[in-house]
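K.L.:
Got a structure here, written out as structure tokens. Questions coming.
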Amino acid sequence: MAGKDHPISPLALPLPALPPVPGVRLGTARAEIRYKAREDVTMMVFPEGTAVAGVFTKNRCPGAPVDWCRAALRGGKARALVVTAGNSNVFTGRAGREACTATAGAMAELAGCLPEEVFLASTGVIGERLPTEKLLAALPPLFGALREDGWEAAARAIMTTDTFPKGATRRARIGEAEVTVTGIAKGSGMIAPDMATMLCFLATDARVPAAALQAILRKGVDRSFNCITVDSDTSTSDTVLLFATGEARHPRVPAEGGPLLRDFARAVEEVLMDLALMVVRDGEGAQKLIRIEVTGAVSARSAHRIAMAIANSPLVKTAIAGEDANWGRIVMAVGKAGEPADRDRLSVAVGGVWMAREGGVVPDYDETPVVAHMKGREVEITVDIGLGRGRATVWTCDLTHGYIDINGSYRS
């Protein structure tokens, strides 16, 4: 962990068994980039012809690895991935760019490919130079020790302030053939669309053209990682990459995708959603997972913005941390979202109990079941705007003293 060790989140889920993905070899190593007693480098190698799709942060101060990946993504092909934890290689100027060039060049020599077919990701402290010499020294022995069953180790090696490793897997059918989709992610703080301080890597043995793969990934991210927030801070390093090795034998997929990929798209989205919710469950200092559903907005986009305003409100999040059924703070958050809303049509429920309807407190409202609901680990908020048919669901966590403890000592 960064700074000091933190207890495992009470919302943590066990890491499921992550099966090998045909064509993917991976492994981890200890380069001591920042952490001294754990693996902090992850490598994946893919066969020739592997297609790649990616989605990245919208932060205007991205890290050098994000810039590198955006450029590499234009080729649509990948042969390797190198991930480092502990140093984000952000705001490091020319040194950051040179670190990416050197790493990709060294990895390309090992994999027998072009540097532009190597993808890079880093996570950790901002503004410190990446100790490239340590990283480069770790690559050759790691390349010689790659295996097919290294997903669990990789899920642990990409962690920073995470308190538990995050992974998910699904099976899907393309024609009569079964394919695997497996993914890992890291993320705990600096989490907000678009996307979050998170790295996420998925691989599949399906043979899917890069354009179709990109469309599926973008849609899946919009429905998952772009529907979560921990603290409203959009990271400089967010990276989601999906690699398709093409090892499975199934009917040829046209460039535009189409109905043949319907079940595959479902599997990708489910893996992304599993991982996104694990990130929220591991929100720094989190004690409660919060689901916010907004209905009756003028559009789905408006509903999403209102839901995010509620999810990002420190007053709403601290009220939930204190198990205080203060629905007035929810009304406040709706009103500040800048979206169409009518106070006299607004309705609010917590835990399925309507507390306020059409601009006022529900007659004979009994707070007892709401208080009981808020004592649980998972809290549900429903807001009906009363203006249209737009709806959205987002997820967040409460805001506790633990968040301050973790981030107040992050670099120490």
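The values are calculated or read from the model by the stated rules, or taken from the named source; none is laboratory data. Predicted model only: the values in this text are computed from it and were never measured. Heads up, the Cβs are rebuilt from the backbone with ideal geometry, glycines too, and the neighbour counts pull from every protein chain shown.
K.L.:
Return the residue satisfying two criteria in turn: it lies in the range 276-299 and is under 27 Å from residue 185 (Cα atoms) and small (Gly, Ala, Ser), and of such residues it is surrounded by the fewest Cβ atoms within 10 Å (Cβ to Cβ).
P.N.:
Per the criteria, the residue is 285.
K.L.:
On to the next question. Can you tell me which residue within the range 314-344, out of those that are in a loop (DSSP other than H, G, I, E, B) and among the acidic types (Asp, Glu), is farthest from the chain's Cα centre (by Cα)? Step through it out loud before you land on a result.
P.N.:
Filtering the range 314-344 for residues in a loop (DSSP other than H, G, I, E, B) gives 322-326, 337-342.
When the remaining residues are screened for being among the acidic types (Asp, Glu), the result is 323-324, 339, 342.
Details: 323: 27, 324: 29, 339: 26, 342: 34 Å.
If we take residues in the range 314-344 being in a loop (DSSP other than H, G, I, E, B) and among the acidic types (Asp, Glu), then 342 is farthest from the chain's Cα centre (by Cα).
K.L.:
OK, next. For the range 238-260, which residues satisfy the criterion of being within 10 Å of residue 206 (Cα to Cα) and crowded, with 17+ Cβ neighbours inside 10 Å?
P.N.:
243, 244, 245, 246, 247, 248, 250, 253
K.L.:
Identify the single condition in (1) modelled with pLDDT of 95 or more; (2) over 22 Å from the mean Cα position of the chain (by Cα); (3) of a type outside the set (Asp, Glu) that residue 36 does not satisfy, given that it satisfies every other one.
P.N.:
(1)
K.L.:
Out of 115, 22, 16, 7, report the one residue that is closer than 23 Å to residue 198 by Cβ, surrounded by fewer than 24 Cβ atoms within 10 Å (Cβ to Cβ) and at pLDDT 95 or above. Write out each step before concluding.
P.N.:
Values: 115 fails: closer than 23 Å to residue 198 by Cβ; 22 fails: closer than 23 Å to residue 198 by Cβ; 7 fails: at pLDDT 95 or above.
On inspection, the qualifying residue turns out to be 16.
K.L.:
I've got another one for you. Among the residues of the range 65-87, how many are closer than 17 Å to residue 133 by Cα and either over 19 Å from the mean Cα position of the chain (by Cα) or part of a strand (DSSP E or B) (or both)?
P.N.:
So the first thing to find is which residues in the range 65-87 are closer than 17 Å to residue 133 by Cα, and the list is 65, 82-87.
Next, only the ones that are either over 19 Å from the mean Cα position of the chain (by Cα) or part of a strand (DSSP E or B) (or both) stay: 82-87.
Final tally of qualifying residues: 6.
K.L.:
Just to be sure I understand, how many residues within the range 346-375 are of a type in the set (D, E, K, R) and at pLDDT 95 or above?
P.N.:
Let us first name the residues in the range 346-375 that are of a type in the set (D, E, K, R), namely 357-358, 364, 366-367, 375.
Then keep just the ones that are at pLDDT 95 or above; that gives 375.
Residues meeting the conditions: 1.
K.L.:
Within the range 294-312, does at least one residue satisfy the condition of being of a type outside the set (Gly, Ala, Ser), within 24 Å of residue 224 (Cβ to Cβ) and assigned to a strand (DSSP E or B)?
P.N.:
yes
Yes/no per residue for (1) surrounded by fewer than 23 Cβ atoms within 10 Å (Cβ to Cβ); (2) touching a helix residue (DSSP H, G or I) at 6+ places or on another chain (Cβ under 8 Å); (3) under 25 Å from residue 20 (Cβ atoms):
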position	(1), (2), (3)
67	yes, yes, no
122	no, yes, no
126	yes, no, no
158	no, no, yes
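K.L.:
Please go through the range 308-360 and give me each residue that is among the aromatic types (Phe, Trp, Tyr) and closer than 18 Å to residue 288 by Cβ, ordered by number.
P.N.:
Of everything in the range 308-360, just one residue is among the aromatic types (Phe, Trp, Tyr) and closer than 18 Å to residue 288 by Cβ, namely 327.
K.L.:
Then there's this: Name the pairs: first residue in the range 252-266 and in the same structural domain as residue 210 (by TED's automatic domain parsing) and within 11 Å of residue 209 (Cβ to Cβ), second residue surrounded by 17 or more Cβ atoms within 10 Å (Cβ to Cβ) and of a type in the set (A, V, I, L, M, F, W, C), Cβ to Cβ under 6 Å, at least 6 apart or on different chains?
P.N.:
Short answer, once both residue conditions are applied: 253/208; 253/260; 257/212.
K.L.:
Continuing with this model, one more query. If the requirement is being assigned to a strand (DSSP E or B) and either in the same structural domain as residue 241 (by TED's automatic domain parsing) or not acidic (Asp, Glu) (or both), which of these qualifies: 119, 164, 91? Break it down stepwise before answering.
P.N.:
Details: 164 fails: assigned to a strand (DSSP E or B); 91 fails: assigned to a strand (DSSP E or B).
Of 119, 164, 91, the one residue that is assigned to a strand (DSSP E or B) and either in the same structural domain as residue 241 (by TED's automatic domain parsing) or not acidic (Asp, Glu) (or both) is 119.
K.L.:
Right, another one. Scan the range 122-137 for residues that are of a type in the set (D, E, K, R) and either under 13 Å from residue 34 (Cβ atoms) or not in a helix (DSSP H, G or I) (or both) and jot them down.
P.N.:
The first filter runs over the range 122-137 and keeps only residues of a type in the set (D, E, K, R), leaving 128-129, 133-134.
Hits for the range 122-137 are 128, 129, 134.
K.L.:
Of everything in the range 92-113, what is small (Gly, Ala, Ser) and touching a residue at least 40 places away in the same chain (Cβ under 8 Å)? Give them in sequence order.
P.N.:
Going through the range 92-113, the residues small (Gly, Ala, Ser) turn out to be 93, 95-96, 99, 102, 104-106, 108, 111-112.
Across the range 92-113, the qualifying residue is only 111.
K.L.:
To continue, here is another question. Residue check, residue 70 against (1) touching a residue at least 60 places away in the same chain (Cβ under 8 Å); (2) within 27 Å of residue 255 (Cβ to Cβ), all met but one. Which one?
P.N.:
Answer for residue 70: the failing condition is (1).
K.L.:
Kindly indicate the residue of the range 372-404 that is touching a residue at least 24 places away in the same chain (Cβ under 8 Å) and exposed (fewer than 15 other Cβ atoms within 10 Å of the Cβ) and also farthest from residue 319 (Cα to Cα) among those meeting that condition. Steps first, answer last, please.
P.N.:
Here is the first cut: in the range 372-404, the residues touching a residue at least 24 places away in the same chain (Cβ under 8 Å) are 374-404.
Pick out the ones that are also exposed (fewer than 15 other Cβ atoms within 10 Å of the Cβ) and you get 375-378, 389, 401, 404.
On the way: 375: 12, 376: 14, 377: 14, 378: 14, 389: 29, 401: 13, 404: 16 Å.
The qualifying residue farthest from residue 319 (Cα to Cα) is 389.
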